[in-house]
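The values are calculated or read from the model by the stated rules, or taken from the named source; none is laboratory data. Remember, it's a predicted structure, so these values are computed and weren't measured experimentally. Every residue, glycine among them, receives a Cβ derived from its backbone with ideal geometry; neighbour counts consider all protein chains shown. Each accessible area value is taken on the protein alone, full model and side chains, heavy atoms only, with ligands, DNA and RNA left out. Shrake-Rupley method; radii C 1.70, N 1.55, O 1.52, S 1.80 Å.
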Amino acid sequence: MHDWLTDNKLPLGEWIAAGMHAVNERAAGVLNAIADTIGDAAEAVIDALLWLPPLVLIVIMAGLVFLWHRKWQLPLAIIVMMGLIVNLGYWEETIETLTLVSLAAAVCMVIGVPVGIAAAHRPWLFRVLRPILDLMQTIPTFVYLIPTLILFGLGIVPGLISTVIFAIAAPIRLTHLGITSVPTQLKEAGEAFGATKRQLLWQIELPHAMPTIMAGLTQCIMLSLSMVVIAALVGADGLGVPVVRALNTVNIGMGFEAGLSIVILAILLDRVFRPPERRAKAAGP
């Protein structure tokens, strides 16, 4: 029986490979246009950020964070930690990584939040999505790189798309959790006052679910940062490049410095986009 099963292997890999090559051949023009558009947009953002002197951009970031948080500790941490990155010589790589993570997180939130809302309002949709989300979070991240590399070639585009696929499950799940956890009494009160479904969503459900949705954003950012090194293997620039180079050359110093830059970026992004209720608790008596 065992020999029969092994001798009659299903050509599943061949079918998938043939399908990928067929898509690549028949939709080459569309795929190239998508790759060029995304790549040009990312490069434009990177060039614009690098056009500013590092210290000027750091001060601007710190000022915006102060306006958002109304605390001086976090802007001071941004100035000190980002200054350390400049001192270590990884400023350009950090900006490239920040752009990749920002674009990936933006795409994930734009797609994930509406999908999560729809899944919360339609239980059958969440039952359909759950195994797909489990699969997306379970498949080894290197597997994402193979089809995206075939379809879009080397560069930031396959890294960005792979990052989106890997991280998008977090905002979908947490948006669904936030909407479904809205107390029934709140929704019944809104309905009693004649609120429409749209008004219930915007005035009751979303405000109540916002801390959970923001937690989905921070988790999405952390997952995107975890893909930085892997995305470097398909030509995406950023802090993953010196990490891979240090791994290939067994350069402990370079690996530590690049890894420290990634950690600094992760800490700062987590603090900046911390959910409002967590900030409120931290500011409480």
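Starting from the Cα of Trp15, step 7 Å along the direction of its Cβ; do the same at Thr180; then give the gap between the two resulting points in nm.
The two pseudo-label positions are separated by 3.1 nm.
Which one, Ala236, Ala192, Ala33, has the greatest fluctuation when you compute a Gaussian network model over the chain with C-alpha springs under 10 angstrom?
Sorting by GNM fluctuation, first place goes to Ala192.
Would you calculate a helix-derived [θ] at 222 nm for the chain, using -39,500 (n - 2.57) for each DSSP H run of n ≥ 4 and dividing by the full residue count, to the nearest 500?
So the calculated ellipticity at 222 nm is -27000 deg cm²/dmol.
Each residue of segment 187-195 in turn: what ³J(HN,Hα) in whole Hz from Karplus with 6.51, -1.76, 1.60 and θ = phi - 60°, glycine and Pro shown as x?
5, 5, 5, x, 5, 5, 8, x, 6
Ignoring ligands, DNA and RNA, what accessible area per residue does the chain give at 1.4 Å, in Å²?
I get 56 Å² per residue for this part.
Label points 7 Å out from Cα along the Cβ direction at Phe273 and Met210: separation in nm?
For the pair Phe273/Met210, the computed spacing is 1.7 nm.
What is segment 25-119 by shape, rounded, prolate or oblate, if you read a ≥ b ≥ c off the alpha carbon gyration tensor as root eigenvalues and call it rounded for a/c under 1.5, prolate for a/b larger than b/c, and oblate otherwise?
Numbers: a/c = 3.17, a/b = 1.51, b/c = 2.09.
Oblate shape, in that a/c is at least 1.5 and b/c is the bigger or equal ratio.
Ignoring ligands, DNA and RNA, what percent of the accessible area of segment 95-246 is carbon or sulfur (1.4 Å)? Provide the component values of the computation, followed by the final result.
Working: 4770 of 6830 Å².
Exposed carbon and sulfur together represent 70 percent of the surface.
Note down the nm distance, to one decimal, between modelled labels 7 Å out along Cα→Cβ at Thr249 and at Ala28.
It is 3.7 nm.
In a Gaussian network model over the chain where Cα atoms closer than 10 Å are linked, find which of Ala28, Ala189, Ala215 has the largest mean-square fluctuation.
Maximum fluctuation in the GNM of the chain, among the listed residues, is at Ala189.
Peptides 102-113, 196-207: what's the order by average Cβ count within 10 Å, highest mean first?
Ranking the peptides 102-113, 196-207 by packing returns 102-113, 196-207.
Springs between alpha-carbon atoms under 10 Å, Gaussian network over the chain: tell me which of Leu49, Leu100, Leu225 tops the mean-square fluctuations.
Result for the chain, Cα springs under 10 Å: Leu49 fluctuates most.
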